[in-house]
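Reviewing the structure listed below.
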């Protein structure tokens, strides 16, 4: 296992104990010959551990004067990595916790997997059916995994794992993520999935010390932050739709009663409906592009894709309502509510992965 691999180890640390020294030594022993340790504003009495690892050949310690959060610590390491390593030779970084919960052999396996798949995000995945996993960790992670699958269409068994091998491309994009604490890792995973990056899971040994009491993760506060991120895009999508319903209804009333009041009632309704829908749909497109999916590039592909989706959605809605009504005799109004609700969720995923797809991630470069 002593193979020297071109992946840099990154160990964010806040108020470490002697296990930090063992963690770094373990990485060096398995062939990860360059390690960055980030002191994220630790107490003065903990500096001895940073001083000790800094004496080890291949280990560099970076310091934050005050605590800035795990996300900011990883960003600091990425910035140092990009400035000081040959990115044509090194494939990326592998992040792990400083408390010894990630075994050096598992870190090595993730790093090797990145070497074999230099464009993929590698996740060290814990087995939450293992009897050693505390109940709150098992329950919380399984629930998070379920929601992630529902919202992003990809099964990730350990959404909050701290052991990740991150390729150069995602490292670069990760610097743009507007988050500095625990939620940075969740946002980075969502970004990778949304951009259709390959995500590979490597099963790792599950290790907890004293029922995980030493973790700096705050179950309530940090879980709320993570769930806000998981559901954030979907709730913005829902809010955008509600805004456009209001715009559509308001414009229809204005056009029908004021602008087209001199037309025959049938013509006025048709003209008002068409014009109101045209304007409200474009408002919806702009909100989804700029606010919901944050795809602010200059490409015109998204608007074409959006209206292709709109046409297909209207067609499927009409056919679905007609077909179900013919088969069941259920009132078309009730059928339409059911069909359009299902199509709303389908539209969310289609817009996320196709309409507002960041082509080759050009927008982030």
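The values are calculated or read from the model by the stated rules, or taken from the named source; none is laboratory data. Being a predicted model, the structure only gives us computed values, none of them experimental. In this analysis, Cβ positions are derived from the backbone assuming ideal geometry, glycine residues included, and neighbour counts consider all displayed protein chains.
Only one entry in 324, 337 is outside the structural domain of residue 176 (by TED's automatic domain parsing) and either surrounded by 13 or more Cβ atoms within 10 Å (Cβ to Cβ) or in contact with a strand residue (DSSP E or B) (Cβ under 9 Å, 6 or more places away or on another chain) (or both), namely 324.
Results for (1) part of a helix (DSSP H, G or I); (2) within 19 Å of residue 122 (Cα to Cα), shown as yes or no for each residue.
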position: 141; (1), (2): yes, yes
position: 150; (1), (2): yes, no
position: 160; (1), (2): no, yes
position: 171; (1), (2): yes, yes
position: 177; (1), (2): no, yes
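For the range 62-77, enumerate the residues that are assigned to a loop (DSSP other than H, G, I, E, B) and free of Cβ contacts under 8 Å to residues at least 60 places away in the same chain. Residues satisfying the conditions are 65, 66, 67. Return the total of residues in the range 255-268 being under 26 Å from residue 287 (Cβ atoms) and in contact (Cβ under 8 Å) with a residue 12 or more places away in the chain. Total meeting the criteria: 3. Answer yes if at least one residue in the range 28-48 is assigned to a helix (DSSP H, G or I) and either within 29 Å of residue 118 (Cβ to Cβ) or not assigned by TED's automatic domain parsing to the domain that holds residue 160 (or both), and no otherwise. Scanning the range 28-48, I find at least one residue that is assigned to a helix (DSSP H, G or I) and either within 29 Å of residue 118 (Cβ to Cβ) or not assigned by TED's automatic domain parsing to the domain that holds residue 160 (or both), so the answer is yes. Screening 161, 186 for residues that are over 12 Å from the mean Cα position of the chain (by Cα) and at pLDDT 90 or above leaves exactly one candidate, 161. Within the range 78-110, restricting attention to residues that are out of contact with any helix residue (DSSP H, G or I) (no Cβ under 9 Å at 6 or more places or on another chain) and assigned to a helix (DSSP H, G or I), the residue that is nearest to residue 198 (Cα to Cα) is 110.
The residue that is nearest to residue 173 (Cα to Cα), among those in the range 113-139 that are modelled with pLDDT of 90 or more and part of a helix (DSSP H, G or I), is 114.
Among residues of the range 102-125 being in contact (Cβ under 8 Å) with a residue 24 or more places away in the chain and out of contact with any strand residue (DSSP E or B) (no Cβ under 8 Å at 6 or more places or on another chain), the one that is nearest to residue 144 (Cα to Cα) is 103.
Consider residue 208 carefully, then state whether it is farther than 20 Å from residue 117 by Cβ, outside the structural domain of residue 346 (by TED's automatic domain parsing), at pLDDT below 90 and surrounded by fewer than 16 Cβ atoms within 10 Å (Cβ to Cβ). Considered against the rule, which asks whether it is farther than 20 Å from residue 117 by Cβ, outside the structural domain of residue 346 (by TED's automatic domain parsing), at pLDDT below 90 and surrounded by fewer than 16 Cβ atoms within 10 Å (Cβ to Cβ), residue 208 comes out as no.
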